[in-house]
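A.B. asks: Before I ask anything, let me first share the structure, which is written out below as structure tokens.
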Amino acid sequence: RKTKFIVLILSILLLIVNNNKMLTNLKNEVYFFDLPTGDATLICKHNNLTNILIDTGDIDSDSLLTFLKNKGIKRLDAIIISHGDSDHIGMLKPICENFKVKTIFLSYYDKSSYEYVLKEKINVPIYYLKKGDEFKISDLKFKVLWPSKTSEKTNNNSLVIYAEIFLMKYLFTGDIEEIAEKAIVEQIHKLNVDVLKVAHHGSVTSSSITFLNNI
């Protein structure tokens, strides 16, 4: 009887730990996903204190859902959508249906992302960001460097966010192209960055030498 009782207690403890994996995760982590289509980045603060998703990949990115569930994540404190192209926003609705999402951030000048949340009836508090906005999620700091106005090219309406995360400096660039990169350099000049998430999936239309030299 004693042995059975011990086995039962251990089984219950194992079940609790398995269902709350993030509570026992002692590491701060940033994941960049290689999805079938599109971008997604996950920021996890130790012990499930903060979970932030930047972009969601396209509607066929079920592997992102699988990863989040296997990771033990049940709550996302924020989802930041750089812009409304389907390969950046496509999985937003399924993610909102499968996880508790506290806040969504969208580009103030990006009409397509606004139309998406309206069409899909996303029932989550939404904030719109533009150049100069600053915000904190837990002790993680974010500053919006772009956009400052509406562009004819939707790519250049992407949020460009400078973030101080876990003692490192990150730059998330969405799908901006060279014209936006040039404007950012003219306004900010030198910017100290540890990790660059390259723009537009590494496209030749982005990551100009001038931009790279200035970060």
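The values are calculated or read from the model by the stated rules, or taken from the named source; none is laboratory data. Note that the coordinates shown come from a computational prediction; the quantities given were computed from them, not determined experimentally. Note that we place each Cβ from the backbone using ideal geometry, even for glycine, and neighbour counts take in every protein chain shown. Please note that ligands, DNA and RNA were not included when accessible areas were found on the heavy atoms of the full protein model with its side chains. Shrake-Rupley method; radii C 1.70, N 1.55, O 1.52, S 1.80 Å.
A.B. asks: What list of whole percents do you get for P(r) of the range 1-122, with Cα-Cα distances grouped in 5 Å bins up to the one holding the largest distance?
C.D. replies: Computed distribution, short to long bins: 2, 11, 19, 21, 15, 10, 7, 5, 4, 3, 2, 1, 0, 0.
A.B. asks: If you place +1 on the Cβ of every Lys and Arg and -1 on the Cβ of every Asp and Glu, how big does the dipole about the Cα centre of the range 38-138 come out, in debye to the nearest 20?
C.D. replies: On the way: 14 positive and 14 negative charges, 120 e Å.
Dipole size: approximately 580 debye.
A.B. asks: Any chance you could list the semi-axes, whole Å, largest first, of the equivalent ellipsoid that the Cα gyration tensor gives for the range 42-85, using √(5λ)?
C.D. replies: Details: eigenvalues 72, 39, 7 Å².
In descending order, the three semi-axes are 19, 14, 6 Å.
A.B. asks: Within the range 24-115, which trypsin sites (Lys or Arg not before Pro) sit in a loop by DSSP and count at most 16 neighbouring Cβ atoms inside 10 Å? Spell out each step's value before the answer.
C.D. replies: On the way: sites: LYS27, LYS45, LYS69, LYS71, LYS74, ARG75, LYS100, LYS102, LYS111; in loops: LYS27, LYS74, LYS102.
Sites meeting the loop and neighbour criteria: LYS27, LYS74, LYS102.
A.B. asks: Something else: In bins 5 Å wide, starting from 0, what share of all Cα pairs of the range 124-215 does each bin hold, as a percent?
C.D. replies: 3, 14, 25, 27, 18, 10, 3, 1
A.B. asks: Quick check on the chain: helices-only [θ] at 222 nm, where DSSP H runs of length 4 and up contribute -39,500 (n - 2.57) each and the sum goes over total residues. Nearest 500, please. Intermediate results must be reported in sequence, preceding the final value.
C.D. replies: Working: 7 runs with 64 residues, N = 215.
Here the helix-only value at 222 nm equals -8500 deg cm²/dmol.
A.B. asks: Roughly speaking, what is the stretch gain from ASP60 to ASN47, that is 0.36 nm per residue apart minus the C-alpha to C-alpha distance, in nm to one decimal? Show your work: numbers first, answer last.
C.D. replies: Details: separation 13, 0.36 × 13 = 4.68 nm, distance 2.96 nm.
Fully extending the segment from ASP60 to ASN47 adds 1.7 nm.
A.B. asks: Just the number, please: carbon plus sulfur as a percent of the accessible area of the chain, 1.4 Å probe, no ligands or DNA/RNA counted. Mind dumping the intermediate values first?
C.D. replies: Details: 6400 of 11480 Å².
The C+S portion of the solvent-accessible surface of the chain is 56 percent.
A.B. asks: Let me ask another. Do you know the relative contact order of the chain, to the nearest whole percent, from alpha carbon pairs under 8 angstrom that are 6+ apart? It would help to have the intermediate numbers written out before the result.
C.D. replies: On the way: 425 pairs, mean separation 25.8, N = 215.
Dividing the mean separation by the residue count of the chain yields 12 percent.
A.B. asks: Rounded, prolate or oblate: which fits the range 73-187 when a ≥ b ≥ c are the square roots of the eigenvalues of the alpha-carbon gyration tensor, with rounded for a/c under 1.5 and prolate only if a/b beats b/c? Before the final figure, lay out each step's value.
C.D. replies: Working: a/c = 2.10, a/b = 1.22, b/c = 1.71.
Oblate, because a/c is 1.5 or more while a/b does not exceed b/c.
A.B. asks: Among DSSP beta bridges whose residues both lie in the chain, state the antiparallel percentage, nearest 5. Walk me through the numbers before you get to the answer.
C.D. replies: Numbers: 23 of 37 bridges.
Once the DSSP bridges in the chain are tallied, antiparallel ones form about 60 percent.
A.B. asks: OK, next. Say R0 is 45 Å: what FRET efficiency, to the nearest 0.05, do LYS4 and ASN70 get from their beta-carbon distance?
C.D. replies: Numbers: r = 31 Å, r/R0 = 0.68.
Efficiency for this residue pair is about 0.90.
A.B. asks: Over the Cα atoms of the range 50-129, Rg to Rh with Kirkwood Rh, two decimal places? Could the numbers behind the result be given before it?
C.D. replies: Details: Rg = 11.5 Å, Rh = 12.4 Å.
When Rh is taken as the Kirkwood radius, the ratio is 0.93.
A.B. asks: So which trypsin sites (Lys or Arg not before Pro) in the range 118-215 pass both tests, a DSSP loop state and at most 12 other Cβ atoms within 10 Å of the Cβ? Please list the in-between numbers first.
C.D. replies: Working: sites: LYS119, LYS121, LYS130, LYS131, LYS136, LYS141, LYS143, LYS149, LYS153, LYS169, LYS182, LYS190, LYS197; in loops: LYS121, LYS130, LYS131, LYS149, LYS153, LYS190.
The qualifying sites are LYS121, LYS149, LYS190.
A.B. asks: Reported to two decimal places, what Rg/Rh ratio describes the chain when computed on Cα atoms with Rh from the Kirkwood expression? Kindly include the intermediate steps, with their values, before the conclusion.
C.D. replies: Working: Rg = 19.1 Å, Rh = 18.2 Å.
Taking Rh as the inverse mean 1/r over Cα pairs, Rg/Rh reads 1.05.
A.B. asks: Under a GNM of the chain (C-alpha, springs under 10 Å), which listed residue has the highest mean-square fluctuation: ASN51, ASN70, ASN25?
C.D. replies: Result: ASN70 has the largest fluctuation of those listed.
A.B. asks: For the range 122-204, state which GluC sites (Glu not before Pro) are in a DSSP loop and have at most 14 other beta carbons lying within 10 Å of their beta carbon. Working shown, then result.
C.D. replies: Details: sites: GLU134, GLU152, GLU164, GLU177, GLU178, GLU181, GLU186; in loops: GLU152, GLU177.
Here the sparse-neighbourhood loop sites are GLU152.
A.B. asks: Right, another one. How many angstrom lie between the C-alpha centres of the range 185-200 and the range 78-118?
C.D. replies: 24
A.B. asks: Oh, and also: Quick one: how many lysine pairs does the range 140-215 have with C-alpha atoms less than 14 Å apart and a gap of 8 or more or different chains? Give me the count, please. List each step's numbers first, then the result.
C.D. replies: On the way: LYS141/LYS169; LYS143/LYS169; LYS169/LYS190; LYS169/LYS197; LYS182/LYS190.
Here the count comes out as 5.
A.B. asks: Return the distance in nm (one decimal) between the two label points of a simple spin-label model at SER86 and GLU120, each offset 7 Å from Cα along Cα→Cβ.
C.D. replies: A separation of 1.2 nm, rounded to one decimal place.
A.B. asks: At 0.36 nm per residue, minus the direct Cα-Cα distance, what do THR210 and MET168 gain on full extension? Give it in nm, one decimal, please. Show your work: numbers first, answer last.
C.D. replies: On the way: separation 42, 0.36 × 42 = 15.12 nm, distance 2.26 nm.
Length gained between THR210 and MET168: 12.9 nm.
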